[in-house]
Amino acid sequence: MGRNVLKSSLLNASFSIFFQIFCRAITFAINAFILRRVDHNVLGIMNVRLLLLESTLLFLSKESISRAALSSTTQHKNKCSWSQLINQMWITVPMAAILSIPCLYVWLNVLSSVGDDYQTAYKFGCYAMVLSCIFELTAEAPAFVAQVFCFVKLKVVLDTLHIFVRSVVFIILVLNNKNIAIYAFGIAQFTSCLVIIGGNYGFFHIYIQRLKTYRHVLKKHDDDIDKARDEMGQYYEHMNDFPFNSVTEMVPTVLKNPGSAFNSDLNKLVLSFIKQGILKQVLTEGEKYVMSISPVLNFQQQAVYDIVNNMGSLAARFIFRPIEDSSYFYFTQTIARDIALKEQDKDKVKEASQVLKNVCKGVTSIGLIGFVFGQSYSGTLLLLYGGHDFVEGGLPETLLRWHALAIILLAVNGITEGYMFATNTSKQIDRYNYYMAIFSVTFLILSYQLTNYFGAVGFIWANCCNMAFRIAYSTNYIAKEYSNMQANPLEGLIPGKIFGCTLIVAGIACKYSEYHLLPKSILYHILVGGIFVFFTLFSWIVENREIAKVAYGKYKNKSKSE
């Protein structure tokens, strides 16, 4: 395999970041549209209850299988065939169908009532969500192949089309009749999942045919890669290990397999990830489960919390998550799970350590910037987004300011825990599951108790405690891994002196602007923030010149190649 895993991971992160910005912009625009035209209770039902159903079903159906299979492409390449991997990925479809039965029962009969006015539409939305999840997972096999063979742009393009189609369908339906918002939400979700299916299979049908042509051209030119590239392009090089001759081979049992249909070692790893996945899902969506099971907040309050939560976790969604996913892919392809670091390739271990250090430094710096400027610009952002009626009372602003603190913890946890998951053995994953169980129970108890006493902000405090517990565990693991080595990737979590001092000055200046300039002119207040953001970024670049040079060099080379 001649593909550059690190380069692919970096490209995947950068493309995903731009994609997430685009998707978040569309989502926020839709929410702003709904916020002013549709009842807040409807928004709470869609964005909290229905999306929680989708998240739960997709996560439990595919997360453990895809993560285990991704590791198997490298760590078990001599044991696990492509036929077994394809069969494994298709298990997600019947798993989703089976899980949909208890999920539907719980969502329709156990969770707090949505009210008689919305019951019929809510029931339709639940069924639409379940069907869209099952149908979408039929494309999980080609999506997995695309990730393994570094088709970075494919996922970005398809996910963008997915969001675009869902948004267009939803807006058209709601514009015609604002009272059918929940019906429109379900229809748009199902329609957009067809884009994922058609896009994945359509792409590989065309690509496989052209790859066959490329191999024929290469053979015609006596294996002269330059001539073949000139005739066919550069997208077919280093694909000698691509095992598929037809898109139908991505259907289970079609690809020839000399052994059993499934791999026992892979199944063991899947079981470990299943236990971990359930607990991680509880931790990730815990506040929504608490809101749905116990009526600590009504649907209108849930809608406000969800909107503010989306804004507060903006960086986590469009920056941290793509970086986390790409880093996880890189570490699974670089560090072996079942071999001690000191026994592995020293150059790979050194590179992985440096990558982890740089990524930690980058996400921590982003988190700190979000925290500092969030204290002075939360109210301004919410005012521009939702209007005076939305920010009235001060709750949305308070929630967003506390989210700014959670951003730092989310940034650190995503990377350190991602490295740990990418390099843990099955036994280590099982051991961590016990701690995850403790974290999950503690988080749910804290969420319920703090919310009862302090309202919606209690969810954020509980989440901060949860993140702190998980960070402590994952950083302790990394520290032990590198205890006998010169490299210490955790140094990246400590901000530099110049950058730190600049942040302090920026925070004081922006807070002064909030109290003295904002009442007179919101434009001047925003201008002050923009100036200090520039100086803050400049100070970071000055202090981290080497990282900045590498990033600029990669960007420059990419621009030249295009």
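The values are calculated or read from the model by the stated rules, or taken from the named source; none is laboratory data. The shown structure was predicted, so the numbers you read here are calculated from the model rather than taken from an experiment. When we count neighbours, we look across all protein chains shown, and the Cβ atoms used for this are built from the backbone with ideal geometry, even at glycine. Surface accessibility is based on the protein's heavy atoms, side chains included, excluding ligands, DNA and RNA. Shrake-Rupley method; radii C 1.70, N 1.55, O 1.52, S 1.80 Å.
Here the condition is being open to solvent by 50 Å² or more (accessible area, probe 1.4 Å) and more than 21 Å from residue 269 (Cα to Cα); of 469, 443, 439, it holds for 469 alone. For the residues 154, 137, 161, the requirement of being buried (at least 23 other Cβ atoms within 10 Å of the Cβ), within 30 Å of residue 245 (Cα to Cα) and either basic (Lys, Arg) or within 22 Å of the chain's Cα centre (by Cα) (or both) singles out 137. Among the residues making up region 422-470, a single one is aromatic (Phe, Trp, Tyr) and touching an Asp or Glu at 6+ places or on another chain (Cβ under 8 Å): 459. Of all residue pairs spaced 6 or more apart or on separate chains, those with beta-carbon atoms under 7 Å, a first member in region 333-351 that is within 14 Å of residue 423 (Cα to Cα) and a second member that is polar (S, T, N, Q) and open to solvent by 100 Å² or more (accessible area, probe 1.4 Å) are 342/484. Restricting to region 505-528, give me the number of residues that are of a type outside the set (Phe, Trp, Tyr), free of Cβ contacts under 8 Å to residues at least 60 places away in the same chain and open to solvent by 40 Å² or more (accessible area, probe 1.4 Å). Number satisfying all stated conditions: 8.
Provide a single number: the residues in region 446-455 that are open to solvent by 100 Å² or more (accessible area, probe 1.4 Å) and of a type in the set (A, V, I, L, M, F, W, C). Steps first, answer last, please.
Step one: of region 446-455, the residues open to solvent by 100 Å² or more (accessible area, probe 1.4 Å) are 453-454.
This time we only want the ones that are of a type in the set (A, V, I, L, M, F, W, C), so: 454.
Residues that pass the stated criteria total 1.
What's the number of the condition residue 484 fails, among (1) within 29 Å of residue 343 (Cα to Cα); (2) of a type outside the set (Val, Ile, Thr); (3) open to solvent by 30 Å² or more (accessible area, probe 1.4 Å); (4) assigned to a helix (DSSP H, G or I)? With respect to (1) within 29 Å of residue 343 (Cα to Cα); (2) of a type outside the set (Val, Ile, Thr); (3) open to solvent by 30 Å² or more (accessible area, probe 1.4 Å); (4) assigned to a helix (DSSP H, G or I), residue 484 is out only on (4). Of all residues in region 98-134 being open to solvent by 50 Å² or more (accessible area, probe 1.4 Å), outside any helix (DSSP H, G or I) and not charged (D, E, K, R), which is modelled with the highest pLDDT? Only one residue fits best here, namely 118. For region 384-429, the tally of residues that are within 24 Å of residue 352 (Cα to Cα), open to solvent by 20 Å² or more (accessible area, probe 1.4 Å) and of a type in the set (D, E, K, R) stands at 1. Is there a residue in region 469-488 that is among the charged types (D, E, K, R), at pLDDT below 95 and touching a Cys at 6+ places or on another chain (Cβ under 9 Å)? Within region 469-488, not a single residue is among the charged types (D, E, K, R), at pLDDT below 95 and touching a Cys at 6+ places or on another chain (Cβ under 9 Å).
Any residue in region 347-359 that is out of contact with any helix residue (DSSP H, G or I) (no Cβ under 8 Å at 6 or more places or on another chain), open to solvent by 30 Å² or more (accessible area, probe 1.4 Å) and either at pLDDT 80 or above or in a helix (DSSP H, G or I) (or both)? Spell out how you get there, then give the answer.
We begin by selecting, within region 347-359, every residue out of contact with any helix residue (DSSP H, G or I) (no Cβ under 8 Å at 6 or more places or on another chain); these are 347, 350.
So of that shortlist, the ones also open to solvent by 30 Å² or more (accessible area, probe 1.4 Å) come out as 347, 350.
Adding the requirement that they be either at pLDDT 80 or above or in a helix (DSSP H, G or I) (or both) leaves 347, 350.
Yes, region 347-359 has at least one match.
Within region 439-464, the set of residues being over 28 Å from residue 368 (Cα atoms) and within 24 Å of the chain's Cα centre (by Cα) comprises just one member, 441.
Taking the condition over 30 Å from residue 111 (Cα atoms), assigned to a helix (DSSP H, G or I) and modelled with pLDDT of 70 or more, does residue 305 pass? The answer is no for residue 305.
Just for helices (runs of 4 or more DSSP H) wholly inside region 371-474: which have at least 3 residues that are without any contact (Cβ under 8 Å) to a residue 12 or more places away in the chain, farther than 24 Å from residue 500 by Cα and not aliphatic (A, V, I, L, M)?
The helices (runs of 4 or more DSSP H) meeting that bar are 426-454.
Looking across region 351-398, the residues that are closer than 22 Å to residue 471 by Cβ and of a type in the set (A, V, I, L, M, F, W, C) come down to 352, 355, 356, 359, 360, 363, 366, 368, 369, 371, 372.
Pairing residues of region 237-251 that are at pLDDT below 75 with residues that are among the charged types (D, E, K, R) and open to solvent by less than 40 Å² (accessible area, probe 1.4 Å), at Cβ distances under 7 Å and at least 6 apart in sequence or on separate chains, gives 238/3.
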